[in-house]
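The values are calculated or read from the model by the stated rules, or taken from the named source; none is laboratory data. This one's a predicted model, so the numbers in the text were calculated from it and none came from an experiment. We place every Cβ from the backbone using ideal geometry, glycine too, and count neighbours over all the protein chains shown.
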Amino acid sequence: MISEEQNRTLTQVGPGTPMGNLLRRYWIPIAAEVELERRWTKKVRVLGEDLVLYRDRSGKLGLIAERCPHRGASLAYGIPEEGGIRCPYHGWCFNHRGECTEQPNEPADSHFATKIHVSGYPVQCLGGLIFAYMGPDPAPLLPRLDAFVVKDAIRVVGQTVLPVNFMQIMENSLDPVHTEWLHGHYHEFLNQEMGNPVRVAFSRHHVKTAFDVFEYGIVKRRLLEGQSEDSDDWRIGHPVIFPFTLAVGSGGLGTYALQMRIPIDDTHTWHVWYNAYVPGEGVEVPPSLKKLCLYEVPWKDESGEFITDYIDGQDIMTWVTQGSIADRTDEHLGTTDKGIILLRKLFMEQIRRVEAGEDPLGTIRDPSKNDCIVLPLERKKHHFSEGFESVTMRFQTRFCPVVRDLIELFDSVGVR
Amino acid sequence: MNPDAQKSSLNGARQGAGAAAWCPACGRPLTDKQSLVVEYWRADEVIYDCYCSKCEWNGEIVVGPRVVIAEYAD
Ligand code: FES
Ligand SMILES: [Fe+2]
Ligand SMILES: [Zn+2]
């Protein structure tokens, strides 16, 4: 339990808020490159700001405020130009920095345009995603996480918008014990109800959990009943990359899975599941898997009920039923919530760092450290012991339109 | 403590919250919006896990239901 005021600090992400200022120090994913292949613009709302991502005539990407400062029409319907985008309403033109470069119907000797500008942010592409930096200059380096830079990988990316604050989703990632219940016993209960009384590896009891702050976030580890202390789950674990990413594998070397929780505003989060699979040298990848596949992850059925027969759907059910902003003044934490407490303290500490003029956790400015960031990741993970197909079909990857091809490929080449 | 924080349904829980109203290291209030006081329970103990935004003190304040001490034999 915390106070209402401290809960607000942890959950308000808009411009000028302490959390908003902290989050603006990081590169934030805003789209997949494939989204701008057949169109010129994408409306993007991030950290409470309405923006438009666009591709100009020269192929360069830009990100500026969506609302035209003339009389407010949306630049998401704009006309791409050589070095910017033009408002469809009266033709005002803006460059990538958000400066107004042209007002075609004003007198030729007018300097009015030089007085007009909107926010404009730098963007960069990596691993098929487009990232924005909305903080003060100089921008840090865009972290080259292993999943983004690994070569010859098959990439599939699931996405959805959740009507909740990002913090409760991040707290879930510091709560290892929930897996035993939500993805274990609850899943088994559902199986039983369906007349299919199968046990799942997830229900194995936690003996202990541990959390360590490292260079890029927090590593969490678990020891399950029957495991020895030299098991990968306890020795290595996997990390939460500060401030909004969880890194889990998909079982085996050469599989990468990131869950990114991008705050749209205080009560909405863009959830992105970024999966990369490396089939290994000399393997013929079928055409259907050559291009990054972006797909929607559904979490409610036609009758409006949560879909809880897959792992991510179970998580989503709990996040959404906690309310749009979890009421932390009315919770009852126990000893298994120590990871959550650590995360909250880490956010407060990093907010302070930023206010003191320092770089927050995970900031990279040295290119020699940013070739490829190899994250600690357990390989022989007990939760994935049921094999690639079973695990892939029980996670949100089941909704990936090319999932069958993926499973078939790894059936033949094996997960390393 | 923030009066809102008094609304715990756990009897007596927030009685101890006063114990975590001030930073044990620098004496300034822990109730400011960028510090953090998280209440949790360990068996019968109520614990306030704190972070002070002023001096960065980070630690626990424990409010136990009773004190158990060993009695020495004569
Ligand atoms: S047991 Fe944790 S939310 Fe109900
Ligand atoms: Fe989960
Ligand atoms: Zn202090």
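Of note:
- Count of residues meeting criterion [touching a strand residue (DSSP E or B) at 6+ places or on another chain (Cβ under 6 Å) and free of Cβ contacts under 8 Å to residues at least 60 places away in the same chain] in the stretch A:149-181: 1
- Inside the stretch A:10-52, residues that are surrounded by 23 or more Cβ atoms within 10 Å (Cβ to Cβ) and within 14 Å of chain B (Cβ to nearest Cβ) make up a count of 3.
- Taken over the stretch A:1-42, the criterion of being touching a Gly at 6+ places or on another chain (Cβ under 7 Å) and among the hydroxyl-bearing types (Ser, Thr, Tyr) is satisfied by A:41 alone.
- Meeting the requirement of 3 or more residues that are of a type in the set (Lys, Arg) and not assigned by TED's automatic domain parsing to the domain that holds residue A:169, the strands (runs of 3 or more DSSP E) wholly within the stretch A:1-59 are A:41-46.
Matching residues to (1) of a type in the set (Val, Ile, Thr); (2) in contact with a helix residue (DSSP H, G or I) (Cβ under 8 Å, 6 or more places away or on another chain); (3) under 30 Å from residue A:137 (Cβ atoms); (4) more than 14 Å from chain B (Cβ to nearest Cβ):
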| residue | (1), (2), (3), (4) |
| --- | --- |
| A:310 | no, yes, no, yes |
| A:315 | no, yes, no, yes |
| A:330 | no, no, no, no |
| A:352 | no, no, yes, no |
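- Top-ranked residue of the stretch A:376-406 - restricted to ones that are of a type in the set (Phe, Trp, Tyr) and either within 18 Å of residue A:231 (Cβ to Cβ) or in contact with a Pro (Cβ under 7 Å, 6 or more places away or on another chain) (or both), ranked as modelled with the lowest pLDDT: A:384
- Residue-level check: of (1) surrounded by fewer than 17 Cβ atoms within 10 Å (Cβ to Cβ); (2) among the small types (Gly, Ala, Ser); (3) assigned to a helix (DSSP H, G or I), residue A:76 misses just (1).
- For residue A:142, the criteria (1) assigned to a strand (DSSP E or B); (2) more than 16 Å from ligand 2 (Cβ to nearest atom); (3) buried (at least 16 other Cβ atoms within 10 Å of the Cβ) hold in every case but one, which is (1).
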